[in-house]
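Each remark here refers to the structure printed beneath this line.
The values are calculated or read from the model by the stated rules, or taken from the named source; none is laboratory data. Note that the structure is predicted; figures quoted are calculated from it, not measured. For neighbour counting, all protein chains shown are included, and Cβ atoms are generated from backbone atoms with ideal geometry for every residue, glycine included. Ligands, DNA and RNA are excluded from the accessible area calculation, which covers all protein heavy atoms including side chains. Shrake-Rupley method; radii C 1.70, N 1.55, O 1.52, S 1.80 Å.
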Amino acid sequence: ILCLGRKWRVFDRRLFYKTVQFGWVSAMQQATVQLGKIGIQAIVNTMGISVMAAFAVVNRIDDFAYTPEQNIAHAMTALLAQNKGAGKKERVRQGFFCGLRIELIYGFCLMAVCLLFARPIISLFVDDPAVIDLGVKFLRCASFFYLMPGVTNGIQGGFRGLGDLKITLNSSMLNMG
């Protein structure tokens, strides 16, 4: 860097604007998710201590479970953006559908694990029988919905890679609803 002098300090306004645009939409998506969680938490807080504890446990499990889905979507974003930039439309299409298949396979596996092993998973976090029973019911019910965030994350990752950020933001808002 020292050898280049001032040559490396190039400021490209278009690139800066595009980076801010992508960052703003991503920030709005994350804000939407967090506001949704706050709203749900406010409702759950009116239902008693056992329900609050069970909800907190299942929320931690959800956060752990969703991380791979989000990372698959991030990989899709990079793959699709690179192939779009290279003008390889067929690889964009193949990458998108391959990513969605991976999301669905992961979602099915996650659903099966949570349905079959809900009690041992919840018992890792709490030992109160009332909280465990509520947590098991909630986790088993929630496990049927693990496919939706996988598909949502995959679609968002795909459209982010294609540069269409309006769809990803609308998808996040719809998801929270």
Review point. Out of these labelled values of Rg and Dmax of the Cα atoms in Å, (1) 16.5, 53; (2) 20.3, 67; (3) 17.2, 55, which was calculated from the coordinates shown here?
Key: (2)
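I'd like the chymotrypsin sites (Phe, Trp or Tyr not before Pro) in region 101-177 restricted to DSSP loop residues with at most 16 other Cβ atoms within 10 Å, sorted by number.
Numbers: sites: Tyr106, Phe108, Phe117, Phe125, Phe138, Phe144, Phe145, Tyr146, Phe159; in loops: Phe117, Phe125, Phe144, Phe145, Tyr146.
Passing sites in region 101-177 are Phe117, Phe125, Phe144, Phe145.
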Point to revise | Debye intensity ratio in log₁₀ form over the Cα atoms of region 75-170, taken at each q of 0.11, 0.19, 0.23 Å⁻¹ | key: -0.46, -0.82, -1.01
Review point. What's the angle, to the nearest 10 degrees (0 to 90), between helix 13-44's Cα axis and the longest principal axis of the chain?
Key: 10
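Per-residue counts of other Cβ atoms within 10 Å, averaged by peptide: what ranking do you get for 43-55, 92-104, highest first? Spell out each step's value before the answer.
Details: 43-55: 15.1, 92-104: 17.5.
Ranked by mean Cβ neighbours within 10 Å, highest first: 92-104, 43-55.
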Check your understanding: Counting only protein heavy atoms and using a 1.4 Å probe, what share of the accessible area of region 31-80 belongs to carbon plus sulfur, as a whole percent?
Key -> 74
**Study point:** Translational D in µm²/s for region 1-104 (Stokes-Einstein at 10 °C, 1.306 mPa s, Kirkwood Rh from C-alpha pairs)
**Key:** 89
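Under unit Cβ charges (Lys, Arg +1; Asp, Glu -1), what dipole magnitude, rounded to 20 debye, does region 43-177 have relative to its Cα centre?
Numbers: 12 positive and 9 negative charges, 142 e Å.
About 680 debye.
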Check your understanding: Got a sec to turn the phi values of region 149-156 into Karplus ³J(HN,Hα) couplings, 6.51 cos²θ - 1.76 cosθ + 1.60 with θ = phi - 60°, whole Hz, x for Gly and Pro?
Key -> x, x, 5, 4, 4, x, 5, 4
**Study point:** Inter-probe distance in nm under a simple model that places probes 7 Å from Cα toward Cβ, at Arg91 and Leu104
**Key:** 2.4
